[in-house]
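Taken together, the values in this text are just the output of simple stated rules run on the coordinates, not laboratory data. Since we're looking at a predicted model, the values are computed, not measured. Neighbour counts run over all protein chains shown; Cβ positions are idealised from the backbone, glycine included.
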Amino acid sequence: MVKLVSTLGTSPGGVFETFMNLRQGNYEADNPVPVDVKVVYVIRTSDPAVERAFRLLKAIFACCGGRDVEVVGIPLNMNDINSRSDYIQFRREVLSRISSEDYVDFTGGRKAMSVAAVMAARQREAHVITSIIPQSDYNEIQNRMKNFRDEDISAGERGECRVDFCTLTSRNVKTILLE
């Protein structure tokens, strides 16, 4: 079973965009083929803004094309990687979730989270992938996120799509398989 293991910051769309592009074989690589991802692990900090992004991400999966995938949240008891021990904890968590056939997406989160994820992926010889979102799209999505009410997010998490969660993704994203 192929998994996507992703880091998450405050913008939820990147994880979904990477997932969809893998599923559709729509990524830059020597020989891109569709990848049947069944589980998405989302490793993140416990920062409240990141928690909200995770809730929005679950709504995006439920409302925009990922209902057949299990989205598993893995919140770590830290607000950021502020020490070497935080980094080691984050890296170990990524490492414990991946094997060689899996994909590790380091698009979201802080730089140290991305480094930890990539180093864990290299250790397991897993695939390393990222999605690039144009800055103008990113800024627009961040503004749209502010308009989503908690009750709409809760409904979206349950698959009750009262608002358009799909507007929190970019049509101009570019996904690249690095290794």
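What size of dipole, in debye to the nearest 20, comes out for segment 7-154 about its Cα centre when the only charges are +1 on Lys and Arg C-beta atoms and -1 on Asp and Glu C-beta atoms? Can you show the working numbers first?
Numbers: 18 positive and 20 negative charges, 78 e Å.
With only Lys, Arg, Asp and Glu charged at Cβ, the dipole is about 380 debye.
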Worksheet item: Stretched out fully, how many nm does the piece from Arg67 to Met1 gain, at 0.36 nm a residue minus the Cα gap?
Response: 22.1 nm
Worksheet item: Using the Karplus equation 6.51 cos²θ - 1.76 cosθ + 1.60 (θ = phi - 60°), what ³J(HN,Hα) coupling, rounded to whole Hz, does each residue of segment 122-134 give in order, writing x for Gly and Pro?
Response: 5, 4, 8, 6, 7, 6, 10, 9, 8, 10, 9, 10, x
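Share of antiparallel DSSP beta bridges in the chain, in percent to the nearest 5? Write out the running numbers ahead of the final one.
Working: 4 of 23 bridges.
So the antiparallel bridges amount to about 15 percent of the total.
Normalized C-alpha radius of gyration of segment 96-179, against 2.2 N^0.38 Å? All intermediate terms of the calculation are to be shown ahead of the outcome.
Values: Rg = 15.8 Å, N = 84, 2.2 N^0.38 = 11.8 Å.
So segment 96-179 has a normalised radius of gyration of 1.34.
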Fill in: Viscosity 1.002 mPa s, temperature 20 °C, Stokes-Einstein D of the chain from Kirkwood C-alpha radius, µm²/s
133 µm²/s
Worksheet entry | Simple spin-label estimate for Lys146 and Lys38 in nanometres, 7 Å along Cα-Cβ | 4.3 nm
Worksheet entry | Long-range amide H partners of Arg44 with built H, under 5 Å | Ile74, Leu76
Practice prompt. Give the distance, in whole Å, between the Cα centre of segment 105-179 and the Cα centre of segment 1-33.
Written response: 9 Å
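For Asn139 and Leu76, FRET efficiency with R0 = 25 Å and r from the beta-carbon atoms, rounded to 0.05? Kindly include the intermediate steps, with their values, before the conclusion.
Values: r = 27 Å, r/R0 = 1.09.
Once the sixth-power term is evaluated, E becomes 0.35.
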Worksheet item: By a straight-distance test (C-alpha under 17 Å), which lysines pair with Lys38 as possible cross-link partners, with residues fewer than eight away in the same chain excluded?
Response: Lys3, Lys58
Response to the item:
The long-range amide H neighbours of Ile132, using H built 1.01 Å from N in the peptide plane and a cut-off of under 5 Å, are Lys174, Thr175, Ile176
